[in-house]
Amino acid sequence: MEYRDLYDKNRVLTGETIKKGDPVPKGRYYVTVAVFIENSRHEFLLQINKKFNMWSTTGGHPKSGESSFDGILIEIEEELGYKANPDQIHLIKTYQSEDDFVDLYYYQEDIDLSKLNLQEEEVANVGWFSREKIEEFIENNQFLPPHIEFYRDCLAYLDMQ
């Protein structure tokens, strides 16, 4: 059984945990992580999320005892079968919803898709996509809705670089 750490509204660990899938108690929060991976051709690595059958970015939830940063490294390795270089991953934004803190990361790397080992339970397919193609996915309701804001904020981050 997988457990998640709980935090208070100031993102201070409470020492409490919940089982994956259990409701989050009022006034408590868990951590969600997501990463946009961009190659040198300015394309983004997206995956088909099997649960929703939509394009999304890589992400998930750190397990109890894992930091957000550890969590994103683990999610990249679990979902894509790829060991990311931790020195090149950057936290670009944190969101707070009614029950979680979402840490959005950015990673720039030319990854050979043929060398990936996709997590069968969660990932149906992967591909590199231009900004124009991602906008098409969004317009055609083929992009996971919560990840649209993440994508827009990633673009805003890149525009400031």
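A few points about this structure:
- Members of the range 34-83 found to be on the phi > 0 side of the Ramachandran plot and polar (S, T, N, Q), listed by number: N53
- Filtered by the rule that a residue be charged (D, E, K, R), at pLDDT 95 or above and open to solvent by 70 Å² or more (accessible area, probe 1.4 Å), the range 97-114 gives D110, D112.
The values are calculated or read from the model by the stated rules, or taken from the named source; none is laboratory data. Predicted model, so just to flag it, every value in this text is computed and none were measured. Ligands, DNA and RNA are excluded from the accessible area calculation, which covers all protein heavy atoms including side chains. Shrake-Rupley method; radii C 1.70, N 1.55, O 1.52, S 1.80 Å.
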